[in-house]
1. Every residue in segment 93-123 that is more than 19 Å from Ala52 (Cα to Cα), charged (D, E, K, R) and touching a helix residue (DSSP H, G or I) at 6+ places or on another chain (Cβ under 7 Å), please.
2. Here's a check for you: in segment 63-84, which residue that is buried (at least 17 other Cβ atoms within 10 Å of the Cβ) and charged (D, E, K, R) is nearest to Lys139 (Cα to Cα)?
3. Going by what's in this entry, would Leu325 be described as outside any loop (DSSP other than H, G, I, E, B) and of a type in the set (A, V, I, L, M)?
4. Going residue by residue through segment 348-357, is there one that turns out to be surrounded by fewer than 24 Cβ atoms within 10 Å (Cβ to Cβ), at pLDDT below 95 and either of a type in the set (D, E, K, R) or touching a strand residue (DSSP E or B) at 6+ places or on another chain (Cβ under 7 Å) (or both)?
5. Condition first: in a loop (DSSP other than H, G, I, E, B), farther than 29 Å from Gly425 by Cα and acidic (Asp, Glu). Can you find one or more residues in segment 334-353 that meet it?
6. Considering every residue within segment 355-363, establish whether at least one is of a type in the set (Gly, Ala, Ser) and in a loop (DSSP other than H, G, I, E, B).
7. Since Lys383 meets every condition but one in (1) assigned to a helix (DSSP H, G or I); (2) in contact with a Leu (Cβ under 8 Å, 6 or more places away or on another chain), which condition does it not meet?
8. Give, as residue ranges, the strands (runs of 3 or more DSSP E) completely inside segment 402-520 that count at least 1 residues that are buried (at least 22 other Cβ atoms within 10 Å of the Cβ).
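The values are calculated or read from the model by the stated rules, or taken from the named source; none is laboratory data. Keep in mind that this is a model prediction, so the values were computed, not measured. Virtual Cβ from ideal backbone geometry, glycine too; neighbours counted across all protein chains shown.
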Amino acid sequence: MSKMKISALLLMAATLTTPLTVQSQEHPNLIMTKTGMEKVRKNLGNVPLFDASVQSVKEEVDAEMALGIDTPIPKDFSGGYTHQRHKLNFFIAQKAGALYQILEDDKYAKYVRDMLFQYEAMYKDLPVHPQERSYARGKLFWQCLNDSNWLVYMAQAYDAIYDTLSEQERDKLENNLFKPFADYISLENPKFYNRVHNHSTWGNAAVGMIALVMDDKELLDRALYGIEDDGLPIGGVDNDGGTIKVEGQKKGFLANLEDPFSPDGYYTEGPYYQRYAMYPFLIFGLAMNNVKPEMKVFSHKDNVLLKGVDALLNLTDADGEFFPLNDGQKGMSYFTPALVTAVDIAYQYGDQNPQLLSIAEKQNKVLLDQSGLAVAMGIRDGKAQPFVKNSLNLTDGQNGDQGGVGVLRYGNEDLTLVFKYAAQGLSHGHYDKLSFSLYEKGDEVIQDYGLARFVNIGQKGGGNYLKENKTWAKTTIAHNTISQNEEMHFDGKYQVASQHHSDLYFYDDSNKDVQVVSATEANAYPGTELHRTMAIIKTDGFEKPFLLDIMKVKADKKNQYDFPFYFMGQVLSDNFDYESPETLKPLGDKNGYQHLYLEGKGKPSSDSTQFSWLGEGKYYTLTSATNKDDELLFTRMGANDPDFNLRREAALMIRRDNTADTSFVSVIEPHGSYSPVSELSVNSNSSIDELKVELDTSKYTAVSIKDVKGNANIFILSNTNASMSKQHKLKVDGKTYRWKGPYYFNKK
């Protein structure tokens, strides 16, 4: 390590360990400020979106106030009444506090005060939550994570009405409720609090937020730097499979800000949990910006929090839904309140990017603070510009050197590839190196399953993770990548997987008609190296862009390889014969195979196997270069699933047995359309006549694609030299090709 880098690290360490002095501040001072609220009140009635947001929140809060305050004794998992009631309470209290500051109506301050004192009365004698499933049980909720949610929001409510309370009232709340609450989620639950994880981010932010309101230096130090001596053993594992403590592990909010984010703003747990974590990151970051600006939290790690908002918005499909990498519930989108917060704060405290305003317009609501006002004023004044999502490559890892995620987009998201070659992603990671999913506009073409959980639906495991998340959703065979000998990548062992990551071979989106991302994986299976190259190509002879997929396998022994494509839609046609069993049986007995029914089994009838389906009014064809000994398997999820926890979705799987080195080459081709209204079918047939591997050596792989009119293109990949300046010369099928860079594409 260079002396310059060491010096920089020492300087940063010195900065982050400087003792903090929290000086008495006026209130509110966390999210809202005195001057900010004065500006808000001055502009009431003149900023339509802000006024509409205030009115909407007012109607919601007034309706709840009319019902009275209910703080029931906790007993339920997420989805149950007591859980939902306490959750709604902290949302409403925070909003009521904001309304008090904006409208200056004492009824809202009284409502928050009365609710806080109801919690003060119950919390003193409140036992640990009766549900025992969590590794860190809360008191109001079944896990400390949700207790931390409560404190993050209630700290804002308390700050908003702080000046309306007497000194005696504040002392009572702080000594009987807030300090014990902060101590419980931190000192009494160090395995929850002292780690790098979205759980701890919430815990750190909760303690930090209330510390800033109460002017408590000890609590603020604990929030930023963690618990110094937590007494935890090295190597403990929580019930999610995540390591609780490792040797030399940093802790506290600043560690959570530093470690999980790459320099590009990608969060290693994936976009679903980045969305969840961004709220405490940004809210506490904003509070620190207002109260302790000298800490420069927003500019920490080269503005990584603000970069994170941009990265997160780019990890969405055309409908604004997050790509379900790792544990991720499908349908979660940038319309969630956490992203309203993210967009507003990023606009106000970033460079006031006018593209963010177009996202805010779609969200159609803003925060009730100065950042929400700034966004609403920008929209009112016509400053909004379309948020343009281009192709991009996001690095993973603290230093951006642990793989990443490549997103290739053609046109206005006409075709979007999501290629995952990232690190494990902490306890929410899946065992799916070099996997992918594919979208046309907002529709899934080839899907990633996401998580096995029905969040907050009590009938499904209390709304918590289901056992099928481990037995299916995390497994390798559940994803569109190679499974070897029916085993999982890294044998499904978290500790092993966390030590490794895939590596980028090259990424090139300089030519919009031929965009390529390529990565390698050398540790998923001992003795086997994987190299996958994926390209979105638009060329003559094809109505739409298509995806070319080359998975090259190098192994030190013969293996069985399974290569699934989880297509979304109705099977239309194929060019091979297969048999369907009279009785459905599981494909295997472990590693996810036990959840797959075998619905059909056949053999290729030609070197170019084709399979077509109809999805959301559009046609798709998978064309694969196959061998005569390959097996073609139709599978469907649902075996060994008596509680119907899994969706009944299908895949076509190519099985290649008794093979060492090999390559799987396929094209996924969108084409045509079907309207159930006009009943008009357009271009329902594939434009590909033949897909052929012309050459496959250690140095080069050449693939030709011939259309039905006899025209042929060739894609040549340099397998060992990814330099953009390297000159290549290669003879393929009697013709010599010359090019510069890692690949060639043009007429054959």
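1. Arg113, Glu120
2. Per the stated criteria, the residue is Asp76.
3. Criteria not met by Leu325.
4. Yes.
5. yes
6. Within segment 355-363 (the criterion being of a type in the set (Gly, Ala, Ser) and in a loop (DSSP other than H, G, I, E, B)), the answer is no, since none of the residues qualifies.
7. Every condition holds for Lys383 apart from (1).
8. Output list reads 404-410, 415-421, 435-440, 443-446.
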